[in-house]
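The structure under discussion appears below in the form of structure tokens.
The values are calculated or read from the model by the stated rules, or taken from the named source; none is laboratory data. Just so we're clear, the structure is a prediction, and the values are computed from it rather than from any experiment. With ideal geometry, Cβ positions are generated from the backbone for all residues, glycine too; neighbour counts draw on all protein chains shown. For accessibility, only protein heavy atoms count, side chains too; no ligands or nucleic acids. Shrake-Rupley method; radii C 1.70, N 1.55, O 1.52, S 1.80 Å.
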Amino acid sequence: MVGSFDCNFFAKFYNKCMSIFKKKIFDENGKVIKGKGVRLGIAFGGGGLRGIGHLGVIKALEELGVEADFVSGTSVGSMVGALYSAGYTADEMIKELKKLRTKDIRDSKLIWKPSNSENIEEVLKKIFEKDLVFSELKIPLTIVAVDVASGRQVNITSGSVAKASSGSCAVPGVFSPVIYNEMHLVDGGLTCTVPADVVREMGANAVLAIEVNRGRGQGTTSLKLLDVLKSSLGIIMQANVEKTLHYADVVLKPELENYSSSKLGDIDAMVKAGYDAVMQNKEQIIKLVTQKPRKKVGKLWQKLEREKSKM
């Protein structure tokens, strides 16, 4: 009949149009296709040996096909971030980790004699097979440390990657400060334990933050000097964690509480904890990297910016 409406034809036409304009999320290999304009930043947080969990996070992200455009790292997160930014895969990092012994990094067990931070520097140089500089990295990296001479946070983006990382890892009383460009660097976790704000400043408009030491700041009932000092430091660091995590879109907190931050535990189990944290938040992560980035606006963001300007 002339002028009649063909519902079947319209349905087929509509479905065809939707299939054309529907956004493709995965490629033919099942890897996530990053959305147009998405600049992903990954912030690797500090946490001592619990940082092994970062490797599991990277392994899972590799399986999904999620790659960072910017990276920031504090303390052990700076070591992982450096290796990741240099192009090392999770499996390659795990292989190097399993070669290490505690004495390779900590050469002193005496309270009054901190270990030499150069040990950390030499470990990285050995893996890199050279004294790698920031300009040679495949992904832009910022390493966070604190200059104990001025009391200021330092965001390092040039020079020796290994030396900068050793400074970021130099926990006061555990490792000696690192002299770097006339600064005396110590653990960046004193001011910025999970540098989500730093990676956003680098240009990321989608931020994934990894907090591997979520038990930090819980306090202690022990009256032993070292336990009190360690707990006090954790409480201080936890305060800055809560501030910087507001800059992240997705926060991963692998279940690593049962592992020590200072004694090497079950490497494979810690890697799995990081891997599981990604898989448990897979939908959020896929959404983060495939959809148009949200603009950080409103009172909360403005408040955070004001707080940061006062630091």
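In this structure, the amide hydrogen of ARG39, modeled 1.01 Å from its nitrogen in the peptide plane, lies closer than 5 angstrom to those of ASN205, ALA206, counting only residues at least 5 positions away or on a different chain. Using the 1.4 Å probe convention, the accessible area of the stretch 100-161 works out to 61 Å² per residue with neighbouring protein chains retained.
Loop-located chymotrypsin sites (Phe, Trp or Tyr not before Pro) in the stretch 69-131 (DSSP state other than H, G, I, E, B) with a sparse environment of at most 14 neighbouring Cβ atoms within 10 Å: TRP112. Basic side chains Lys and Arg get +1 at the Cβ, acidic Asp and Glu get -1 at the Cβ, and with that the dipole of the stretch 107-171 about its Cα centre reaches some 120 debye.
I'd like the FRET efficiency for ASP91 and LEU223, computed as 1/(1 + (r/R0)^6) with the beta carbon distance as r and R0 of 41 Å, rounded to 0.05. Mind dumping the intermediate values first?
Numbers: r = 44 Å, r/R0 = 1.08.
The formula returns an efficiency of 0.40 here.
On the basis of the beta-carbon distance and an R0 of 41 Å, LYS36 and ILE235 show a calculated FRET efficiency of 0.45. Of the peptides 169-182, 32-45, 200-213, the order by per-residue mean of other Cβ atoms within 10 Å, starting with the highest, comes out as 200-213, 32-45, 169-182.
Where a ≥ b ≥ c are the square roots of the eigenvalues of the C-alpha gyration tensor, would you call the stretch 24-66 rounded, which needs a/c under 1.5, or, failing that, prolate if a/b is larger than b/c, or oblate? It is oblate, given that a/c is not under 1.5 and a/b is not larger than b/c. Calculated translational diffusion coefficient of the stretch 27-182 (20 °C, 1.002 mPa s; Stokes-Einstein with Kirkwood radius over alpha-carbon pairs) equals 132 µm²/s. FRET efficiency for ASP266 and GLU129, Cβ-Cβ distance as r, R0 = 35 Å, nearest 0.05? Computed FRET efficiency for ASP266 and GLU129 comes out at 0.75.
The stretch between GLU122 and ASN258, if pulled fully straight at 0.36 nm per residue, gains 46.0 nm over its current Cα-Cα span. Give the shape of the stretch 164-208 as rounded, prolate or oblate, defined through the alpha-carbon gyration tensor: a ≥ b ≥ c are the square roots of its eigenvalues, a/c under 1.5 means rounded, and otherwise the shape is prolate if a/b is larger than b/c and oblate if not. It is prolate, given that a/c is not under 1.5 and a/b is the larger ratio.
When a 1.4 Å probe is rolled over the protein heavy atoms, the share of accessible surface on the stretch 60-164 that falls to carbon and sulfur comes to 50 percent.
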